[in-house]
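Each remark here refers to the structure printed beneath this line.
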Amino acid sequence: MEIFRVDNISRRFQSAMGDVWALKEVSFKVTKGSITGIVGKSGAGKSTLLRCLNGLETPDTGHLYFEDQALDAYAPSELRQVRQKIGMIFQHFNLLRRRTALENVSLGLEFMGLSQQECHRRALEALRLVGIDHKKDAYPGELSGGQAQRVAIARALACKPHVLLCDEATSALDPETTQEILSLLSDLNHTLGLTIVLITHEMAIVRDLCTHVVVMDHGSVIEEGRVETVFQAPAHEVTAALVQHLFNARVPRVISRRLTDTPRPTTTQALYRLLFTGASAKEAVVAELMREQHIPLNIAGGTLDPLGDSLCGTLIVTVPYDTSVIERTKEYLTSKQVHATFLGYLSDD
Ligand SMILES: Nc1ncnc2c1ncn2[C@@H]1O[C@H](COP(=O)(O)OP(=O)(O)OP(=O)(O)O)[C@@H](O)[C@H]1O
Ligand SMILES: [Mg+2]
């Protein structure tokens, strides 16, 4: 089932500088149970899109469907109920400073007309679910960033949403806390079947967490699909630029200072970057090259990370400087669909 269907929506803002089309004819779908990453440069329209998804913003044209129902067909009172199924968390948590963690979480429930006792019971349950119930009486100012974001997630979960929208939810957190919040989101996706749509500037987050990705540029969706498909073969140069650093392992400095463009009398090795994507990444290509072809490759650096059910990344390898060895290596790699880029010659001096 589709949680969201975005059908050709546009959103224009009027400003002193003239009109800005924050969204231009945007279309895509979010399937139930997926984790969708929305990426793109600053000003691309990501937050505007997310605000349209939860009804904070109304598109000027086009239609938005939540669980197969057009959002613009609801009366305002009905829309409030629908919006309870769409949770949202933000970069700066947006907690009320004068309310405790428990009160922050129960506030949304009070609007649903539940008794205070029931609100507190469900709020505590939500705090427990995200592992922050021991801080139920703390005020936001007494919480770390990670703890505050857990409270914000609990607040969203207390209304039992079908989807959680996250606008740069980890941008204000240190790397370790970011990982904790991301694995919490992943757990919620697995255990509750919670659909998640998140905005991030970190492609590694999309690679590690998301099933689908939507790439935005200047208000338009320029590419979208399953993460492994889009990341392995970006169709658009903006996407290619965004994911490039995920694939391009750096050549270690101890090696790069010894690189030359032309061979020298003392050259012993040639340096290559091997790009692994899709099927090629599943096979032990480098091990087989050494075992079957008896070519002694050396791995000088690299990044290989899980992507979907395979791996993606690059390895920097040295190959003995010998024309026939290099030819055999290239032939073998081509047969295994591993793309090799020549980086230079390495000398012993
Ligand atoms: N309320 C508003 N009034 C006028 N212009 C707006 C408004 N909200 C957004 N915009 C403009 O719409 C465009 C898209 O903004 P948006 O906040 O959606 O971008 P974003 O992709 O979330 O950027 P960032 O990564 O910096 O958060 C920008 O040019 C922005 O200036
Ligand atoms: Mg934004």
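The values are calculated or read from the model by the stated rules, or taken from the named source; none is laboratory data. What you see is a predicted model; the values in this text were computed from it and never measured. Reconstructed Cβ throughout: ideal geometry from the backbone, glycine too, with neighbour counts over all protein chains shown. What goes into the accessible areas is simple: the full protein's heavy atoms, side chains included, and nothing from ligands, DNA or RNA. Shrake-Rupley method; radii C 1.70, N 1.55, O 1.52, S 1.80 Å.
Has the stretch 90-106 got any residue that is closer than 20 Å to L192 by Cβ and either surrounded by fewer than 16 Cβ atoms within 10 Å (Cβ to Cβ) or touching a strand residue (DSSP E or B) at 6+ places or on another chain (Cβ under 9 Å) (or both)?
Within the stretch 90-106, none of the residues are closer than 20 Å to L192 by Cβ and either surrounded by fewer than 16 Cβ atoms within 10 Å (Cβ to Cβ) or touching a strand residue (DSSP E or B) at 6+ places or on another chain (Cβ under 9 Å) (or both).
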Residues (open to solvent by less than 60 Å² (accessible area, probe 1.4 Å), more than 14 Å from ligand 1 (Cβ to nearest atom) and touching a residue at least 40 places away in the same chain (Cβ under 8 Å)) located in the stretch 32-60: G33, S34, I35, T36
Quick check: is even one residue across the stretch 8-15 within 30 Å of Q147 (Cα to Cα) and open to solvent by 20 Å² or more (accessible area, probe 1.4 Å)? no
Flagged in the stretch 44-80 as modelled with pLDDT of 95 or more and within 14 Å of ligand 2 (Cβ to nearest atom), in numbering order, are A44, G45, K46, S47, T48, L49, L50, R51, C52, L53
Residue in the stretch 318-335 that is within 26 Å of the chain's Cα centre (by Cα) and either of a type in the set (G, A, S) or more than 17 Å from R253 (Cα to Cα) (or both) present: no
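Which of the strands (runs of 3 or more DSSP E) found entirely inside the stretch 8-104 contain at least 2 residues meeting this: aromatic (F, W, Y)?
On the way: elements: 18-31, 35-39, 61-66, 86-90.
Fully inside the stretch 8-104 and qualifying: 18-31, 61-66.
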Exactly one of P140, P175 is open to solvent by 10 Å² or more (accessible area, probe 1.4 Å), without any contact (Cβ under 8 Å) to a residue 12 or more places away in the chain and away from ligand 2 (no atom under 16 Å from the Cβ), and that residue is P175
Among (1) within 16 Å of ligand 1 (Cβ to nearest atom); (2) without any contact (Cβ under 8 Å) to a residue 40 or more places away in the chain; (3) more than 25 Å from L188 (Cα to Cα); (4) buried (at least 16 other Cβ atoms within 10 Å of the Cβ), there is one condition Y74 misses while meeting the rest; what is its number? (1)
The stretch 223-245, residues that are open to solvent by 10 Å² or more (accessible area, probe 1.4 Å) and in contact with a helix residue (DSSP H, G or I) (Cβ under 6 Å, 6 or more places away or on another chain): E223, Q232, P234, L242
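Within the stretch 1-21, can you find the residues that are of a type in the set (S, T, Y) and within 10 Å of ligand 1 (Cβ to nearest atom)?
S15
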